[in-house]
Structures are given as structure tokens and as C-alpha cells.
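Below is one structure, written out as C-alpha cells; the observations come after it.
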Protein chains: 2
Amino acid sequence: MSGPPEGPDFSLADVAREGLLERPGAEPATHDGTGRVGLAFTVRTAAEDGAEAPPAVRDVRVPPGVTVFDAASWNGIAIDSTCGGHGTCHKCRIRITTDGPTPVTRHDVRTFTPAQLAEGWRLGCLLHATRDLAVEVPPLTTRPKAATVGIGRQVILRPALQKRYVELDEATLADQRTDLVRLTDAIDDLELTADLHVLRRLSTVLRAADFKVTAVIIDEALVDIEPGDTTGARYAIAFDLGTTTVVGTLLDVGTGTPLAVASTLNAQQPFGGDVITRISATMMDPDALGRLQQAAGATLSSLAKEVCREARVDPGHVYEVAVAGNATMTALALGIDPEPLGVAPFVMSAAQPPSVLASELGLSLHPRARAFLFPALGAYVGGDIVAGMLASGMDRDKRTRLFIDVGTNCEIVLSDGETILSTAAPAGPAFEGGAIRCGMRAADGAIEVIKVDPHAEGEDPAVTLQVIGDVEPRGLCGSGLVDAVAELVRVGLLDASGRLVPEDDAKDIAPALADRLTRIGEERVFVLHRPTPDAEPAECVYLSQRDVRELQFAKAAISTGWSLLLEQLGLEQRDVQQVLLAGSFGSYLSPASAVRIGLVPRLPVLRIVAAGNVAGEGAKMALLSVRERAGAQALLEEVTYVELSDRPGFNDAFVDQLSFAP
Amino acid sequence: MSGPPEGPDFSLADVAREGLLERPGAEPATHDGTGRVGLAFTVRTAAEDGAEAPPAVRDVRVPPGVTVFDAASWNGIAIDSTCGGHGTCHKCRIRITTDGPTPVTRHDVRTFTPAQLAEGWRLGCLLHATRDLAVEVPPLTTRPKAATVGIGRQVILRPALQKRYVELDEATLADQRTDLVRLTDAIDDLELTADLHVLRRLSTVLRAADFKVTAVIIDEALVDIEPGDTTGARYAIAFDLGTTTVVGTLLDVGTGTPLAVASTLNAQQPFGGDVITRISATMMDPDALGRLQQAAGATLSSLAKEVCREARVDPGHVYEVAVAGNATMTALALGIDPEPLGVAPFVMSAAQPPSVLASELGLSLHPRARAFLFPALGAYVGGDIVAGMLASGMDRDKRTRLFIDVGTNCEIVLSDGETILSTAAPAGPAFEGGAIRCGMRAADGAIEVIKVDPHAEGEDPAVTLQVIGDVEPRGLCGSGLVDAVAELVRVGLLDASGRLVPEDDAKDIAPALADRLTRIGEERVFVLHRPTPDAEPAECVYLSQRDVRELQFAKAAISTGWSLLLEQLGLEQRDVQQVLLAGSFGSYLSPASAVRIGLVPRLPVLRIVAAGNVAGEGAKMALLSVRERAGAQALLEEVTYVELSDRPGFNDAFVDQLSFAP
């Protein structure tokens, strides 16, 4: 066995057989949510004195087909790069130390000598991980910046938005390069493209600024050319476009720092409180779509103005926005007819909204500012959930985790560290305060926490309320509702079937509370707060039997959802290592109450975490890192959507879950 | 020597050494205009009875780096394909029968078995020709359509604009694919992208049309979705955007048939007759650029309306336009400041204008119709010349050919079958009728052909004129000017230095013409036409001594241009096998006169061909074939621009060329 074989015959067959070239199996099409590959990173770092420090070792698991560079980025491991993974800067050099053939691209051939290729050197951004690999990362030549975003995730800053200051040679008869080539020659680690708008400005700005200019770049598109050095002014806005509330965060993408945050009610409210009423509005009135789109634009625009004013940032220096919204909010903001989302079989136009100008969303920022809208997994597992999964690292954690975004529509995601399933459960309006007699939004005057003491005596209060804004209670928000029901179940005033116990039994069970059990008309109610000692029940804040039924159906829908997902992965409730309760509702909900009514699996409360506004955090991450943005898009391939209504066992499971039995 | 070698070490080094993967040298960057590769095609065809007919053999030469598929297309050899060379349809199968390694792409690995790869089978659209190759083309499975365009060139129809009629399954709960995926799954040989505008229509049109729709596609962009089957309505307009005259041709891109042609004067005329005066207008008046852009748009728009009306085509079914114009016309049409084109060092913003919507050019066609604008080689060798080179096949002919577009600015291209050089010569306004005493445009009343008989007697005319429109002569157009000068040189009334001979000598040399030699004020003139027998010289159509000087300078500039290009390739005048005279001026010019005054090399007149409106023909080709469009773009890399003013020998050569000596 010596020397290379002769002729193309052998080599070619060998190439195909040895898998030195990519095969169909290496494509992202295999991201069917099953099976991951393990990457063992050995990260070398140069010590202060120039010598090498002991390498750090990190094991990560990623879906097959992800590039080594992405896998590292997503796990906070920095590899040199300036081009953003397009194979053009040739800086992301890594070495594969695992035996066996590793694909070679033409960029690799250009970057490395045959000896280096044989040693395993490759460009990390072009190498797709299709099997377990040991990867050596050389010391960084530049120190990457990082920011903490999401649920404590460390994001390596590599925003799509870049600025580059260049000083160019002026043109001469001996150097008649076009203005565009002159500029792109000076930024040769990127393959820049220019549209008409920037070409209209290019020659004028270059000459007015003595060929000293700043190129504004998004991905590889040259979006503007500014006189002088403006690299310090790089801003973007992350939007969480909720059905009820919209939040905007102004970011300095150069540092990852949030400079200002503002929130407001979605101006689409007059068309209805939830997505279904807004979709209905478009079906009944041909003008409604246009008006809803305008309302979305006005909402985003008012927030943009507010955060820019607060941080004293020129809106013309905001070049990108990211928007995380559910599928209906996203469609309405883009002026896409939402009707197919609202009627069976619930179909989206497209999972990934197209890249549009921010001005298409009604925003007055830099005239060529871009908008990235998060993709959706389905009509009812939208871009807000994808952003939330990104922020909570649902696809990058080996633990078994359950992510629940509770609202009118409830989205549930379950990952066992290998497979990720998602589904949507129609929880109904209970959690938004709708259909609940004394229900209200989580605003001033809403009862959000309730404790009852069935045997309180004397000065001790039988009912302790925590009210938003510390004012006179006006109603019950979603978390208060859950608390109220959980407390009444706990003390036995609500039985396992969800029925308020007879008044006679109540006196034995909870003497201090029995007088609060009364009727309004035919309906039995439990009074939570009396404005005056002799107020009629109807003047009080109370929980009615029907309210309990509403919640009961909502929690049954949700718990049926996660039960079936657990079943599909062969897991028990106790296997879940973390439950993330997302959305503003999740932040208010008491983990103990959620467990008690069975809204979440029966687990120690420490395993149940309020994740806060994860959609907004995901939007920030998409602005700070193109790798994270790619991660959001990878979720589309990685997550399997489970349609609950299709499943034979759904009705049985639902009936089981109606029970409040512990 | 047996069995495959072991371990990655050897195989990888072997791969790199054997050149099985692409190397830097294979890139278009090597198109420096020197050296070509030869491809020997053996084209198999299935005979009527299903048996195989004897193969046709064709040798072609192309610049290194061109794909085998492009090389075949450009030379009228059809290879199966539906995707347009993106590597997605996997139909363009060819076999390389030359020994030696041939690169394998991942698409090849997916398409062919290892045995087939070893036999030389590859996808033609992904194989770059970097060395001489013998290529076997299997019989076609579909018969390609072709059209004859340009100077008798056969163009295989593969327009960027495609329509596909599809009947889709309606969505169900069990099949919740997005509307976009449902559509793209049905058109899986293309990788379609959709922008916001088409997404806004998609779901509505799909449902209104019972999921039976026609997708309108340009390249791989889905630009519209139309109810029902509209595949028959596929139109595009080719524009030759001249400084003086603009021509529009409406094409059915499905058949290649021109349906209507219209021409009109460029509405920018009031700003000046040539590019320099129009550039000056923008420098003096800040509003002028906007008005010039509007005028260009109005001109294109009026032509579009006219051709659509004439052919009874709905402008909404015109989805693409191609525009061939010089660099200044192109910049003005796009609203790009032309100032840097007009002042040294004559720099363009970009060689390749961006792809824009036709509406950006002021056209009211399909709202998402696209415009392709030809790229330019330099500020004075513009997109019109690139289109002309494409139409005349300057880069696909082994002959030594000279292409001359005569106008205020004269563009010259020389190819020896391997290397292509181009330059621009400032001919001045002589050929447009400007600065010539009796000069006029080639319109009714213009003398375009002149014959003189120095010894005419009796009834025989001493001067025979051919006049455009067969009306009373009113002036002299460019071709008439050349004829007049050539005839006077021929009979000796103009000496080699360009001076009209003394009146006394004239009587001996040309007795029948001597009375026409007279003076207007101080200046000597030769009268061509007397409106009445006793008309004063100033009332006549005449050629003045200064007119002769104008032409002399123009022809000296032009002939210096091609002389220096010939010199650079080491060629003599007699080596030129064909001279193409382009533009409307070229069509009127008498080859014999052009030779006689030295405007073109001294060659048999049969080698001098009026090529007609080659820019317009090039624009048509770009609409009918994406391969031809790629060919136009390849010219940017392939053609070397020669700056004449830089050359040391320029002034000497110019003085030499001033002479009319035979």
C-alpha cells in the first residue's frame, strides 16, 4: 500500500464512497427533531504573556447539519470571523481531531495547504456537523464582545448590522475602478451588494466626504454610505408585538446594551381583545385589514419614537428592527390577509415572513432600515414562541424542559434534550380576564395573589389579597384566578370535580370562610373582597362557579397538551427538570398555585420558573447575533408540531385533566 | 497498486493534489481576456423512430471558468434543463470523455452513481471549463425552442420569466403546509423565493381560484400568482435607450417572437443633443437630474404603451424589460448622478446596475415587473456596447473582428478570437450632423448617398444624390458627409491633407464639378445641391472646408483607436476578417466610402457589414435567455478596456491618421 492510485476512476469512486464530499444526508432536511450530534470543543486561549493557557473543554449537542461555527456560537464559544459565516473571510479556522473523512470545500482548499487539510483543519462556518466530532478551536486573534440576554444566555456579539469606516484612494485616470468596486475592495472580507438607493448616494457622498466614509451594512447588503466616521452610532429596536401589549427595546448593537425600553397597548384593541376577534373583523369589513395594519404600524412607531427620545438617539441611526409576534399579529403588521389562520385547517401564507424594510411596518427610522420578523411553526405556534424558545435555549439544553406560554391561546414546547415537540392548546379567555365575571387585565386594582386561612380567628384575616398597584381591589387577573381556585381546592371549598361544596359542608370545612360562599341569582359565588361590610354580593369582587369552569377548561386544555407531549416522548411528569412559564401572565403566576390546580406537572416549585418576556429577549438576540437569528430559523426544521385535535386519545385525556384532584 | 488507501490523510491530500475539487484557478477571476479553453461537443440526437441519429460534432472556444452548460447554450447547443443552471433540476447531464480528473460537486454525487461519476457524467451547469474538454451531450428529452436574434444568432429560449400552471391539493387539518410551501412543493425544480407583495396576494388568490393558479417567476423569484392558467401571456419589452433615439420591442418570450416595435426621440433632447451637454445640465441645475430621469421614464413609458396597444397585449402581462443604454443614459434613467462620468477620471458608480422594478424606470407594466439594465465596461463603453457585443457574438467567434459603433462618442471593440479589447474615441458631433454647416440628423431630406462624375457631359449628372424620404434635399447626414468627402477625395478635389484643391486645379481635375467649388464669405465650399439654378451658395446644401476638418478629426480619432488596438494584438489591417458597423449611423454608411476615407481598415468592402441596431438585439437576447444574460455579464470580466489618452504613441498615431492618403 503506497503512493496515490492512478487515474480518475478509482479516486472518484473513492471520493463518493469515503464521503469526502457532502451527501444528501448531510443536509438540514434531516432536522426532523430526532437525534443530535455531539461536538467536543477544546478551546485554546492565549495567556497574557503570549504563552498558551490550558485549554477549556466543552461538550455540546446540536441538530445534525448545523455548522460547527454555529454550534460554537450558540453555546457561547467564540471562533474568529468577520464575514458572518459566508465563507468569505477565511478566519474561522478549526481543527477536527476525530478520525474519519471530513468534507473539504473549495474555500478550504484555498485556505489550507494539503498538509493542513490532512491534519483536519477546516473553516468552521462551512463544515456541517453530521457525526460526533472533536473540535479544536485555536486562540482568538481578536477578543469577541458578548452580552447576556434571554434567560442568562451569553450571546457573542455579531449583529447583522455592521458599520465600517474606510478611507479610500481617490480615482485617477490610471485607477478608474467604479465607486462601488473601490469601496468593496476596501471591505474584502464581505461580498457586498448594493441596491439602487445606495448607488444613488454613493458617488455624491464619496466625493463630498473626500472618500472618507462609513459603510452601513446589513448581512452583506450595503444599505447606506455615510460621510466621515459614524461607526459609533449603530442602533436597532427589538419589538415584542403582543396581541395586548407591545414592548420596544432600543439596543446599541455594538455593545449589546439596551438603552431604553417602552411598552404600550396594541392599538388594534378596538378591533377585539384576541386574535380571533381581529381575524373576524377582517372577514366582515374589507377595510379592516388596512386599518389593523395601520394600527400595528402606529403602535410600533410610537414606541420607536419613545425609546429614541428617551435615549437621545437619532432615529436615522436605527438601521434594523426585529419583531416577535404571533402568526396573526405578524400577518396583520405586514398587511397579509389573516383569514386562513382563523378558519380550519389553519394555514399560514409562509412560515418565514419575507425580509422587508422597516418602513413597510410604518416605522420612520433610517429610510433603508430592515425588519426581521420571526418565523412561525404554525398558525398557533408563532414567531413569539420561536423567539421565546431561542431566548430560553430550548434547543441547546440537555435537560428535559417544558415551556408554556399561557394566554388565550396557550403554546407548549417540550424538549428532552434530543427531540423538541410543540403544540397549541386553545385555553380560552380565562387567562386574559375575559369571560371571568370579575376578570380584568393584570393592571392596577387586579388581585394577583390570594391566600386563605380556613380557620382564621380574631384579627387574623381569613383572606389575604395582593393587589397590583396596592389599590382597592377592582377585579381578578389571570394569576389571581389561578390562586383563588388553587386556594379553594387546597382548603376543600372546591371539590376535585370543580364544584363549590354545599354551604352546609363549608361551615365544617372552613368556618372562617363559609360566609363568603353565597349566590348571585342562581349562581354560586365565593366573595374575595367586599368594598363595604354590607355590600351586596354583586358589588363585590368574587369568584363564580362559572369562572371555575372556565379555568377548569383552560387548564384541562393546557395540561392535556403537555400530557400528550410527555406521553409521545415516553416521559412522566417527574422527568421534567424545568418548567418555563412565559409571557407576562407567567411572571405573575404563583408556581405553587399552578402546580396545585394541575396547570403544570406536579413538581417541586423550584423547578418552575417565570421566564418573563422571553419573546422580547429573543428579538434582542436576533439583533445582536446573526448566529442566533440562524438558530431561530433552524428551529423551524428542528421542532415537530403536534396537532392535538388529530389525536385519538385527546378527548379521554381532556376529560381526565378536568379534575382538580391532587 | 490495489484497493483504496486507508485513512483520511492520504485521501485528502490526494483530493487536493489531483484537483478533484475546485481550485482558485477555476474562478471567473481568471477571465482577464487572455487564453480560452476548447470544448469539443458530441451532440447525440434521438431519430424519429427512437433509434439514435449520428451525433453532431461541434468545437467551441470559451473563456476559462464558463460552465459547460453556458458554453453550449451560447453556441446554440441545447442541453436539457428546467432550473436555469442553479443545480436544482439535475437534468443537464453531460459526459466528459477527456482523461484526467474532473471536479465533482455535491449535486453530482446526488445525481449520479459512483460508477457514472467514474465514467465522466456530470451536471453541465456546475462544471466550469478550466481545460480543454471533450463533452458528450445525450439526446434531449424535450425539444428546446430557439429563436434567431442578433446577427443571425440562434438563441435557445430560456427566459428569466417563466410561468407555471399548477393545480394544488387544498389544505386539510392533516396537511397544514403553508400556502407558499404547497406551491413550491409543486414547482420543485426551482428554489423559489417570495417577497411581501406576492405573499399578500398568495392566500387570497389560491382560495379564490380553487388552488388552480399560475405562478409568475423571474429567475427564482415568485413575482405573482394569477388565478387559472395564464401561461400563454408572457411578455417582455427590450429597449435600446439611445441618446437620440429610443426603440422598444415587445416580445413573446414563450416563442421569441417580436410582436411590435416602436421608436421615438429621447425626450431628454431639450437638455442637449449628447451625453456631455446632459451631464452639464445636471451640474448646473440641481433639478435637472430629476427632470432628465422623468424624461427617460416618459420616453420608455410612451413606447411601452405604443407596442402594447399595437399588439393588443395587456401591459399587466409584461413582466420584464431589458434596457441597453450607454453609461450616462443608464445613470440618468435610474436617477444616479452622472457627474463623475462627465469629468476626469470618468468613473462609474457601478459597472452592473442593480436589478430594479420596471416601475422605478417610470413604466406602468405588471406592478412587480423587473428591469434588467446592461452592465458597462467603462464610462464611455456602456451597456449599449455590451449588448451589441452580445448580439454580434464578439466573444464567440474565432475570426478577427472589429466592432465600431460610430457616433459622437465612438466605441471600438477588437477580438482576435482569444483576446477582446475595447476603447472609446471622442469622435465629436460630425456623425450626428452637429457642427457640420448643412448637417442634419438622418431624417427626411437628408442626403445619405453621394456619387460624383468628374467628367459628366450633357444629360449625365455630375452629382447623384440619394435622399432620405425621396424629397428635396435639406441637408447632409453623417453617412452623406462621409460619402461626400470620400467622393471628393476619390476624384482629387480634396487632397490627402484634407484641403479643397485650388479652383484653377479643379478645372483640370474635374471639369464637370469645378463650378460647384466656390466660397461663402472667406470659407471654401463644394455645393452638393442647388434648390434653384441661380440660388446663392448660402442657400444651397454644401460641404465646407471646416466640415471636412470636423470629419477628418472624427475619423482620425476612430482610426487611431482601432490602429492602436490592432497594434496591441500584433495585427495588421488586412488581418481583420470582419468589420461590424453598429448603430443607425453604421446602417447608412457606405462601406466603400468608409474604407476610402480611412474610417475603417483598408479591406474588401464585403468584409464590412452594417450590423444595424445591435444594442436592441442584445436587449432582446437578454430577455429570451438567462444564459445570454450571463454572457453579457461575463463580458465584463472578459473584455479589457484600453484607455487611449494614457498611451505614449497616441498623438503621433492621431496625426498620421488625419491624412486622407489612400
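The values are calculated or read from the model by the stated rules, or taken from the named source; none is laboratory data. None of these values were measured; they are calculated from a predicted model. Cβ: placed from backbone, ideal geometry, glycine included. Neighbour counts: every protein chain shown.
Does the stretch A:577-587 contain at least one residue that is modelled with pLDDT of 90 or more, part of a helix (DSSP H, G or I) and buried (at least 16 other Cβ atoms within 10 Å of the Cβ)?
Scanning the stretch A:577-587 turns up no residue that is modelled with pLDDT of 90 or more, part of a helix (DSSP H, G or I) and buried (at least 16 other Cβ atoms within 10 Å of the Cβ).
All but one of (1) within 12 Å of another protein chain (Cβ to nearest Cβ); (2) at pLDDT below 95; (3) crowded, with 24+ Cβ neighbours inside 10 Å hold for B:Asp405; state the number of the condition that does not hold.
(1)
Just give me the residues in the stretch A:210-242 being assigned to a loop (DSSP other than H, G, I, E, B), hydrophobic (A, V, I, L, M, F, W, C) and away from every other protein chain (no Cβ under 14 Å), in sequence order.
Start the filter on the stretch A:210-242 by keeping residues that are assigned to a loop (DSSP other than H, G, I, E, B), which leaves A:210-211, A:219-220, A:228-234, A:242.
Now restrict to residues that are hydrophobic (A, V, I, L, M, F, W, C): A:211, A:233.
Residue satisfying the conditions is A:Ala233 alone.
Can you name every residue in the stretch B:112-134 that is crowded, with 18+ Cβ neighbours inside 10 Å and over 28 Å from the mean Cα position of the chain (by Cα)?
B:Phe112, B:Leu117, B:Ala118, B:Gly120, B:Trp121, B:Arg122, B:Leu123, B:Leu133
When the residues of the stretch B:157-179 are filtered to those that are among the acidic types (Asp, Glu) and assigned to a loop (DSSP other than H, G, I, E, B), which remaining residue is nearest to the other protein chains (Cβ to nearest Cβ)? Spell out how you get there, then give the answer.
We begin by selecting, within the stretch B:157-179, every residue among the acidic types (Asp, Glu); these are B:167, B:169-170, B:175, B:179.
Right, trim to assigned to a loop (DSSP other than H, G, I, E, B) and you get B:169-170.
Numbers: B:Asp169: 11, B:Glu170: 9 Å.
Among them, the one singled out is B:Glu170.
Against the condition in contact with a Phe, Trp or Tyr (Cβ under 6 Å, 6 or more places away or on another chain) and either in contact (Cβ under 8 Å) with a residue 40 or more places away in the chain or surrounded by 23 or more Cβ atoms within 10 Å (Cβ to Cβ) (or both), how does B:Val307 come out, does it pass?
Details: in contact with a Phe, Trp or Tyr (Cβ under 6 Å, 6 or more places away or on another chain): no; either in contact (Cβ under 8 Å) with a residue 40 or more places away in the chain or surrounded by 23 or more Cβ atoms within 10 Å (Cβ to Cβ) (or both): yes.
Spelling it out, it is not the case that B:Val307 is in contact with a Phe, Trp or Tyr (Cβ under 6 Å, 6 or more places away or on another chain) and either in contact (Cβ under 8 Å) with a residue 40 or more places away in the chain or surrounded by 23 or more Cβ atoms within 10 Å (Cβ to Cβ) (or both).
Does the stretch B:337-379 hold any residues that are of a type in the set (Asp, Glu) and over 30 Å from B:Val216 (Cα atoms), and which are they? Before the answer, list the steps.
Kept after step one, since they are of a type in the set (Asp, Glu), are these residues of the stretch B:337-379: B:337, B:339, B:360.
Once the filter is applied, which keeps residues that are of a type in the set (Asp, Glu) and over 30 Å from B:Val216 (Cα atoms), the stretch B:337-379 yields B:Asp337, B:Glu339.
Taking B:Thr245, is it of a type in the set (S, T, N, Q), out of contact with any Pro (no Cβ under 8 Å at 6 or more places or on another chain), free of Cβ contacts under 8 Å to residues at least 12 places away in the same chain and within 18 Å of B:Ala296 (Cα to Cα)? Write out each step before concluding.
Values: of a type in the set (S, T, N, Q): yes; out of contact with any Pro (no Cβ under 8 Å at 6 or more places or on another chain): yes; free of Cβ contacts under 8 Å to residues at least 12 places away in the same chain: no; within 18 Å of B:Ala296 (Cα to Cα): yes.
Here the answer is no, as B:Thr245 does not meet what is asked.
Which ones in the stretch B:352-362 are surrounded by fewer than 24 Cβ atoms within 10 Å (Cβ to Cβ), of a type outside the set (Ser, Thr, Tyr) and either over 17 Å from B:Ser302 (Cα atoms) or more than 10 Å from chain A (Cβ to nearest Cβ) (or both)?
In the first step, residues of the stretch B:352-362 are kept if they are surrounded by fewer than 24 Cβ atoms within 10 Å (Cβ to Cβ); the result is B:352, B:354-357, B:359-360, B:362.
Narrowing the set further to residues that are of a type outside the set (Ser, Thr, Tyr) leaves B:352, B:354, B:356-357, B:360, B:362.
Within the stretch B:352-362, B:Gln352, B:Pro354, B:Val356, B:Leu357, B:Gly362 meet the criteria.
Can you report the number of residues in the stretch A:185-204 which are touching an Asp or Glu at 6+ places or on another chain (Cβ under 8 Å), of a type in the set (Val, Ile, Thr) and more than 7 Å from every other protein chain (Cβ to nearest Cβ)?
Residues meeting the conditions: 2.
When residues of the stretch A:450-461 are filtered for being within 18 Å of A:Arg596 (Cα to Cα) and surrounded by fewer than 18 Cβ atoms within 10 Å (Cβ to Cβ), how many remain? Don't jump to the end; show me each part of the working.
Residues of the stretch A:450-461 within 18 Å of A:Arg596 (Cα to Cα): A:450-454.
Add one more test, that the residue is surrounded by fewer than 18 Cβ atoms within 10 Å (Cβ to Cβ), and what stays is A:451, A:453.
Here the count works out to 2.
Go over the candidates B:Ala630, B:Ala615, B:Ala594 one by one and state the one that is crowded, with 24+ Cβ neighbours inside 10 Å, within 20 Å of the chain's Cα centre (by Cα) and in contact (Cβ under 8 Å) with a residue 24 or more places away in the chain.
Details: B:Ala630 fails: crowded, with 24+ Cβ neighbours inside 10 Å; B:Ala594 fails: within 20 Å of the chain's Cα centre (by Cα).
Of B:Ala630, B:Ala615, B:Ala594, the one residue that is crowded, with 24+ Cβ neighbours inside 10 Å, within 20 Å of the chain's Cα centre (by Cα) and in contact (Cβ under 8 Å) with a residue 24 or more places away in the chain is B:Ala615.
So which residues in the stretch A:451-469 are within 38 Å of the chain's Cα centre (by Cα) and at pLDDT below 90, if there are any at all?
Passing the criteria: A:Ile468, A:Gly469.
B:Ala327 fails exactly one of the following numbered conditions: (1) over 20 Å from the mean Cα position of the chain (by Cα); (2) over 23 Å from B:Val261 (Cα atoms). What is the number of that condition?
Looking at each condition in turn, B:Ala327 falls short on (1).
Can you tell me which residue among A:Ser559, A:Ser544, A:Ser590 is more than 30 Å from A:Glu418 (Cα to Cα) and small (Gly, Ala, Ser)?
On the way: A:Ser559 fails: more than 30 Å from A:Glu418 (Cα to Cα); A:Ser590 fails: more than 30 Å from A:Glu418 (Cα to Cα).
Residue meeting the stated conditions: A:Ser544.
Name the residue, out of B:Ala512, B:Ala506, that is more than 29 Å from B:Thr244 (Cα to Cα), assigned to a helix (DSSP H, G or I) and modelled with pLDDT of 90 or more. Working first, answer last.
Details: B:Ala512 fails: assigned to a helix (DSSP H, G or I).
Every option except B:Ala506 fails the conditions.
I'd like to verify a number: residues in the stretch B:372-401 that are more than 14 Å from every other protein chain (Cβ to nearest Cβ) and either out of contact with any Pro (no Cβ under 7 Å at 6 or more places or on another chain) or modelled with pLDDT under 95 (or both), how many?
18
Going by the structure shown, is A:Leu332 at pLDDT 95 or above, within 26 Å of B:Leu183 (Cα to Cα) and either part of a helix (DSSP H, G or I) or in contact with a helix residue (DSSP H, G or I) (Cβ under 9 Å, 6 or more places away or on another chain) (or both)? Even if it seems obvious, please write down each step before you answer.
Values: at pLDDT 95 or above: yes; within 26 Å of B:Leu183 (Cα to Cα): yes; either part of a helix (DSSP H, G or I) or in contact with a helix residue (DSSP H, G or I) (Cβ under 9 Å, 6 or more places away or on another chain) (or both): yes.
The answer is yes for A:Leu332.
Could you check the stretch A:640-662 and list, in sequence order, the residues that are within 14 Å of chain B (Cβ to nearest Cβ) and surrounded by 14 or more Cβ atoms within 10 Å (Cβ to Cβ)? If you could, list the steps in order and put the result at the bottom.
Keep residues of the stretch A:640-662 that are within 14 Å of chain B (Cβ to nearest Cβ), which gives A:640-648, A:650.
Passing the criteria: A:Thr640, A:Tyr641, A:Val642, A:Glu643, A:Leu644, A:Arg647, A:Phe650.
Working only within the stretch B:110-125, note down all residues that are touching a helix residue (DSSP H, G or I) at 6+ places or on another chain (Cβ under 6 Å) and either facing chain A (nearest Cβ under 10 Å) or in a loop (DSSP other than H, G, I, E, B) (or both).
Taking the stretch B:110-125 as the starting set, the residues that turn out to be touching a helix residue (DSSP H, G or I) at 6+ places or on another chain (Cβ under 6 Å) are B:110, B:114, B:117-118, B:122-125.
B:Arg110, B:Pro114, B:Leu117, B:Ala118, B:Gly124, B:Cys125 - these are the residues of the stretch B:110-125 that are touching a helix residue (DSSP H, G or I) at 6+ places or on another chain (Cβ under 6 Å) and either facing chain A (nearest Cβ under 10 Å) or in a loop (DSSP other than H, G, I, E, B) (or both).
Filter the stretch A:448-493 for residues that are without any contact (Cβ under 8 Å) to a residue 24 or more places away in the chain and assigned to a helix (DSSP H, G or I) and give the result.
The one that is without any contact (Cβ under 8 Å) to a residue 24 or more places away in the chain and assigned to a helix (DSSP H, G or I): A:Asp470.
For A:Arg207, state whether it is modelled with pLDDT of 95 or more, in a helix (DSSP H, G or I), surrounded by fewer than 19 Cβ atoms within 10 Å (Cβ to Cβ) and within 12 Å of chain B (Cβ to nearest Cβ).
Working: modelled with pLDDT of 95 or more: yes; in a helix (DSSP H, G or I): yes; surrounded by fewer than 19 Cβ atoms within 10 Å (Cβ to Cβ): yes; within 12 Å of chain B (Cβ to nearest Cβ): yes.
Taking the combined requirement at face value, the residue satisfies it.
Can you tell me which condition A:Asp397 does not meet? The list is (1) part of a loop (DSSP other than H, G, I, E, B); (2) outside the structural domain of A:Glu637 (by TED's automatic domain parsing), and all the others hold.
A:Asp397 satisfies every listed condition except (2).
Would you please list the contacts, defined by Cβ atoms under 9 Å and residues six or more apart or on different chains, that run from a residue in the stretch B:205-224 that is under 18 Å from B:Val356 (Cβ atoms) to a residue that is modelled with pLDDT of 95 or more and of a type in the set (Phe, Trp, Tyr)?
From residues that are under 18 Å from B:Val356 (Cβ atoms), the pairs are B:Val216/B:Tyr319; B:Ile218/B:Tyr319; B:Val223/B:Tyr319; B:Asp224/B:Tyr319.
Is the stretch A:68-75 home to any residue that is closer than 27 Å to A:Thr257 by Cα, modelled with pLDDT under 85, within 30 Å of the chain's Cα centre (by Cα) and assigned to a loop (DSSP other than H, G, I, E, B)?
yes
Does A:Ile385 satisfy being of a type in the set (Val, Ile, Thr) and in a loop (DSSP other than H, G, I, E, B)?
On the way: of a type in the set (Val, Ile, Thr): yes; in a loop (DSSP other than H, G, I, E, B): no.
Considered against the rule, which asks whether it is of a type in the set (Val, Ile, Thr) and in a loop (DSSP other than H, G, I, E, B), A:Ile385 comes out as no.
Looking only at the stretch B:494-530, count how many residues are in contact with a strand residue (DSSP E or B) (Cβ under 8 Å, 6 or more places away or on another chain) and farther than 18 Å from B:Asp483 by Cβ.
So the answer is 8.
For residues in the stretch B:325-351 being more than 7 Å from chain A (Cβ to nearest Cβ) and of a type in the set (Ser, Thr, Tyr), which is nearest to B:Glu643 (Cα to Cα)? Let's see the steps before the verdict.
Applying the first criterion (more than 7 Å from chain A (Cβ to nearest Cβ)) to the stretch B:325-351 yields B:325-333, B:338-339, B:341-343.
In the following step, the residues that additionally are of a type in the set (Ser, Thr, Tyr) were identified as B:328, B:330.
On the way: B:Thr328: 18, B:Thr330: 21 Å.
That would be B:Thr328.
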